[in-house]
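*Asks:* The structure follows.
Readers should treat all values here as calculations from the given coordinates under stated rules, not as data from a laboratory. For clarity, every value in this text was computed on a predicted model and none was experimentally measured. Cβ atoms come from the backbone with ideal geometry, glycine included; neighbour counts cover every protein chain shown.
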Amino acid sequence: MIVTFEQEKSIIRTLLQRLNASEEEASATAEVLAEGDLRGFASHGLLRLPYIIRALKRGTIIANAKVGVVRETPATALIDGGHGLGHHVAMRAMRLAIEKAKKQGIGAVGVHNSNHFGIAGYYAEMAVREWLIGIVTTTTDALVHPWGGVEPLLGTNALAIGIPSKPSPILLDMAMSVAARGKLVEALKEGKPIPEGWAIDSRGRPTTDPKKGLEGALSPFGGVKGYGLAFVLEVLAGPLVGAAAGREVVGTLEPVEGYCTKGDFMIAIDPAAFGSADEFKVRVQRFVAQLKGSRKAPGVEEILVPGEPESRTREKRLREGAPIADEVWAELEQLAKELDVKLEKR
Ligand SMILES: NC(=O)c1ccc[n+]([C@@H]2O[C@H](COP(=O)([O-])OP(=O)(O)OC[C@H]3O[C@@H](n4cnc5c(N)ncnc54)[C@H](O)[C@@H]3O)[C@@H](O)[C@H]2O)c1
């Protein structure tokens, strides 16, 4: 099943508006989910829509949410997301961080009472489009074990850092786990083993069995350093912004009894606050040229900068459409039927 970018956005908008989401909320959600599929991050694309629909129906995500600033200084703000659609709330937060960065050189915005926001890179890129540096992080349900521990206590806590640059921007966008949880679910469905290092079983032993990995915990990338990074991001997008941390973070994977307790933290920085913005661009370009022109390891044709693989996939999929797993389409067709909507196939 292949869907075009416009087709995917239209499906998402229609279904969400059927569930009383505002035009702005539905469009924001559609935009970020469809961008997930375009970039090859299927786990953060249309696949997330059934969860959003279930949560809207249950009232754990609120349509037409009251999103408001609860604390503010010239360079910072704290947003109460009103339990609204996470993508829409995150866009509002980054817009505010950008506005502040343009005035003060830097804007930092925290968010609580929101929901899963998809690909962190989307919001970092909002800053990049304005020639600002964008830094974004968020928390999820506890899935990753601490270094030396056995229990899942940290989120996969995405970190995205976008840097304006020509010819193409630089966009690091990554989870704190070696592999996304979705990849273990996929392996389980296909009856395939997972590579060693992705997860541990519930007794803390490395496992190649996806079922045991899902019962245990995901491993942080980069050993003790990845654990350390996941830990500090959990504090920035958790306690700092009035959101939960560790096993108290709930509602990002599936709708829960109460509301989702995750948080987000976003920063926009104007390079001009530190010197000439043009000089910054030239220096970054020179650095990229050094990397690209450097000696390659055997078998490697090209050295890429962060974000380049996704932007290439994106260009191709904008032309050809993005693949959607059959089971995701089947589940959506069912949910659409319940809402009296017919999904159009290409
Ligand atoms: N909302 C949430 O709660 C949440 C949580 C976790 C992850 N996510 C999202 O999941 C997505 C996937 O994360 P991931 O860790 O699986 O990504 P990944 O491992 O596919 O890529 C991580 C980074 O490595 C870079 N990269 C990959 N190959 C490269 C190469 N050869 N040369 C240079 N750079 C290269 C990519 O451009 C990317 O910036 C991200 O969009 C992330 O924001 C969201």
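*Asks:* Quickly work out the K192-to-Q104 label distance, labels modelled 7 Å from Cα along the C-beta direction, and quote it in nm with one decimal.
*Replies:* With each label placed 7 Å out from Cα toward Cβ, I get 4.7 nm.
*Asks:* Follow-up question, since we're still on this one. Using a 10 angstrom cutoff on alpha carbons, build the Gaussian network for the chain and name the most mobile of S43, S219, S114.
*Replies:* Comparing S43, S219, S114 in a Gaussian network model of the chain, the most mobile one is S43.
*Asks:* I've got another one for you. About the Cα centre of the chain, what is the dipole size in debye to 20, counting +1 per Lys and Arg Cβ and -1 per Asp and Glu Cβ, all else neutral?
*Replies:* For this selection, approximately 540 debye.
*Asks:* Now for a separate question. Mind putting a number on the dipole of the stretch 26-123 about its Cα centre? Charges go on the C-beta only, +1 for Lys and Arg and -1 for Asp and Glu, and I need it in Debye to the nearest 20.
*Replies:* Taking the Cα centre of the stretch 26-123 as origin, the dipole is about 160 debye.
*Asks:* How big is the charge dipole of the stretch 91-226 about its Cα centre, in debye rounded to the nearest 20, if each Lys and Arg gets +1 on its Cβ and each Asp and Glu gets -1 on its Cβ?
*Replies:* With Lys and Arg at +1 and Asp and Glu at -1, about 360 debye.
*Asks:* Two decimals is fine: what is log10 I(q)/I(0) at q = 0.11 Å⁻¹ for the chain, from a Debye sum with one equal scatterer on every Cα and no solvent?
*Replies:* Debye intensities relative to I(0), on a log10 scale: -0.75.
*Asks:* Same structure again: Under a GNM of the chain (C-alpha, springs under 10 Å), which listed residue has the highest mean-square fluctuation: L233, L184, L171?
*Replies:* Checking each option, the largest mean-square fluctuation is seen for L184.
*Asks:* Also, quick follow-up: Place +1 on the Cβ of every Lys and Arg and -1 on the Cβ of every Asp and Glu in the stretch 195-285, take the dipole about the Cα centre, and give the residue among V256, V241, F231 whose Cα lies farthest towards its positive end.
*Replies:* The residue sitting farthest along the positive end of the dipole is F231.
*Asks:* Right, something else. Counting just the Cα atoms, what span does the stretch 1-128 cover along each of its three principal axes? Round to the nearest Å and put the largest first.
*Replies:* 47, 30, 21
*Asks:* Can you tell me the equivalent ellipsoid semi-axes for the stretch 203-346? Use √(5λ) from the Cα gyration tensor, largest first, whole Å.
*Replies:* That gives 35, 27, 22 Å for the three semi-axes.
*Asks:* Towards the positive end of the charge dipole of the chain, with charges on Cβ (+1 Lys, Arg; -1 Asp, Glu), say which of A127, A175, S294 has the farthest Cα.
*Replies:* S294
*Asks:* Another one. Consider a paramagnetic label point 7 Å from the Cα of S311 along Cα→Cβ; state which residues of the stretch 160-186 have an amide N under 11 Å from it.
*Replies:* 163-172, by backbone N distance to the label point.
*Asks:* A further question on this structure: Taking only DSSP H segments of four or more residues, each worth -39500 (n - 2.57), what value at 222 nm results for the chain once the sum is divided by all its residues, to the nearest 500 deg cm²/dmol?
*Replies:* So the calculated ellipticity at 222 nm is -13000 deg cm²/dmol.
*Asks:* Listed highest first by mean packing, meaning other Cβ atoms within 10 Å per residue, what order do 71-81, 20-30 come in?
*Replies:* Going from most to least packed, we get 20-30, 71-81.
*Asks:* Run the numbers for S202 and I303: contour at 0.36 nm per residue of separation, minus the present Cα-Cα distance, in nm.
*Replies:* Extra length from S202 to I303 when fully extended: 32.5 nm.
*Asks:* Quick one: if you stick a label point 7 Å off each Cα along the C-beta vector at V341 and R247, how many nm between them?
*Replies:* Each label point lies 7 Å from its Cα, and together they span 3.7 nm.
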